[in-house]
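Asks: This is the structure I want to talk about, given as structure tokens.
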Amino acid sequence: MIQRENYKGKVCIVGYHTQEFREVGELSDPIICKGDDAWLGVGYYFWVEEEFSIYWGEDKKRGGKSGCYDVYKALLEEDRIINAVFSEEGYYYFRDSIEKAIRHLKSLGKDFSLEKVHRWLADEMWTQINIQGIMYDDIPKNPKYKNRVYSEIEPLYYKKRIQIVMFDLKNIHTFALHLEEQ
Amino acid sequence: MDYKKAFEDFNNRLKELDAASVEAWERYDEERLLQDSLRSGHLTQSLTVKPLPILNITVDSSLMTGLAGGETNYAMAA
């Protein structure tokens, strides 16, 4: 189950944010993601399960000076997050929105990549209509060279890898170090 | 979340996003990506300048012999 907690009367989802280990000090806020990994637009990315935050650290954050990573934990306000993973309405809202946006951009002569459409939506749509985040998932496959199993019965990959992008720090609470120097 | 209301909001906002606003956003996005690449060290400053136009240069055929045969021109590569 997704972990939820209340923060000042607001229902929040527990999220995990992985970053390179820092020799001095720790983060007081999550780091905004703007690069190629920002697949749902520029924002603050969290995993909803600790397991995947650890895999992300192992795969992506051990290349720095320290060779280690930290996992931070935070509460993410749920009220204005598009839930495209577990809500039928949320999924179709998100899907229809993407398609409508692509058609609109094409009508203006703009043939954007999907990443660019998401960046445009995050900047020009979601934050303007008070959508505070998006919950989305992909299906990870068993890696060939790692001792990691996502599915015991290939090719049925039944495990969702769920992420939440939050667009504004004000909807992220109690951000704190959870696992240090992994 | 009230998705029906969110869809109305989406449609209303979409109507406001015309070609001029999309082009302005593209310029902003390009600059942001560039700055982010520079900060993360993925680009060097020399790559951030606008590309030069391609020049139409005719090379004398006598100079092409080695290259056409597949030799690597190490002087050029260096």
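Asks: Determine whether A:Phe21 is surrounded by fewer than 21 Cβ atoms within 10 Å (Cβ to Cβ) and away from chain B (no Cβ under 14 Å).
Replies: Here the answer is yes, as A:Phe21 does meet what is asked.
Asks: Mind checking which pairs have a first residue in segment A:139-154 that is among the charged types (D, E, K, R) and a second that is in a loop (DSSP other than H, G, I, E, B), Cβ under 6 Å, 6 or more apart or different chains?
Replies: A:Lys141/A:Tyr157
Asks: Based on what the data block shows, is A:Lys34 facing chain B (nearest Cβ under 10 Å), of a type outside the set (A, V, I, L, M), surrounded by fewer than 20 Cβ atoms within 10 Å (Cβ to Cβ) and touching a helix residue (DSSP H, G or I) at 6+ places or on another chain (Cβ under 9 Å)?
Replies: Spelling it out, A:Lys34 is indeed facing chain B (nearest Cβ under 10 Å), of a type outside the set (A, V, I, L, M), surrounded by fewer than 20 Cβ atoms within 10 Å (Cβ to Cβ) and touching a helix residue (DSSP H, G or I) at 6+ places or on another chain (Cβ under 9 Å).
Asks: Among (1) within 14 Å of chain B (Cβ to nearest Cβ); (2) part of a strand (DSSP E or B), where does A:Cys12 come up short?
Replies: (1)
Asks: Oh, and also: Out of (1) in contact with a Pro (Cβ under 8 Å, 6 or more places away or on another chain); (2) buried (at least 18 other Cβ atoms within 10 Å of the Cβ), what's the single condition that is false for A:Tyr157?
Replies: With respect to (1) in contact with a Pro (Cβ under 8 Å, 6 or more places away or on another chain); (2) buried (at least 18 other Cβ atoms within 10 Å of the Cβ), A:Tyr157 is out only on (2).
Asks: Residue by residue through segment A:1-25, note down the ones that are closer than 19 Å to A:Glu58 by Cα and out of contact with any Gly (no Cβ under 7 Å at 6 or more places or on another chain).
Replies: A:Gly15, A:Tyr16, A:His17, A:Gln19, A:Phe21, A:Arg22, A:Glu23
Asks: Of these, A:Asp96, A:Asp111, which one is over 14 Å from the mean Cα position of the chain (by Cα) and at pLDDT below 95?
Replies: A:Asp111
Asks: Can I ask one more? Which of the following residues is modelled with pLDDT under 95, within 30 Å of A:Trp126 (Cα to Cα) and out of contact with any Ser or Thr (no Cβ under 9 Å at 6 or more places or on another chain): B:Glu23, B:Glu8, B:Glu31?
Replies: It is B:Glu31.
Asks: Would you point out the residue of segment A:112-124, among those that are of a type in the set (Asp, Glu) and under 15 Å from B:Leu33 (Cα atoms), that is surrounded by the fewest Cβ atoms within 10 Å (Cβ to Cβ)?
Replies: A:Glu115
Asks: Just to verify a result, which residue in segment A:34-60, among those that are of a type in the set (Gly, Ala, Ser) and assigned to a helix (DSSP H, G or I), is nearest to the chain's Cα centre (by Cα)?
Replies: A:Ser53
Asks: If A:Tyr92 meets every condition in (1) crowded, with 19+ Cβ neighbours inside 10 Å; (2) of a type in the set (Phe, Trp, Tyr); (3) assigned to a helix (DSSP H, G or I) apart from one, which number is that one?
Replies: (1)
Asks: Being away from chain B (no Cβ under 14 Å), over 15 Å from the mean Cα position of the chain (by Cα) and either surrounded by 13 or more Cβ atoms within 10 Å (Cβ to Cβ) or modelled with pLDDT under 95 (or both), is that true of even one residue in segment A:125-142?
Replies: Yes - at least one qualifying residue is present in segment A:125-142.
Asks: Looking at segment A:91-123, which of its residues are touching a residue at least 12 places away in the same chain (Cβ under 8 Å), over 26 Å from A:Asp29 (Cα atoms) and at the interface with chain B (Cβ under 9 Å from one of its Cβ atoms)?
Replies: A:Ser97, A:Ala101, A:Leu105
Asks: Does A:Gln163 fit the bill of being farther than 30 Å from B:Ala19 by Cβ and in a strand (DSSP E or B)?
Replies: yes
The values are calculated or read from the model by the stated rules, or taken from the named source; none is laboratory data. Bear in mind the structure is a predicted one, so any value in this text is a computation, not a measurement. Note: ideal-geometry Cβ built from the backbone for every residue, glycine included; neighbour counts use all protein chains shown.
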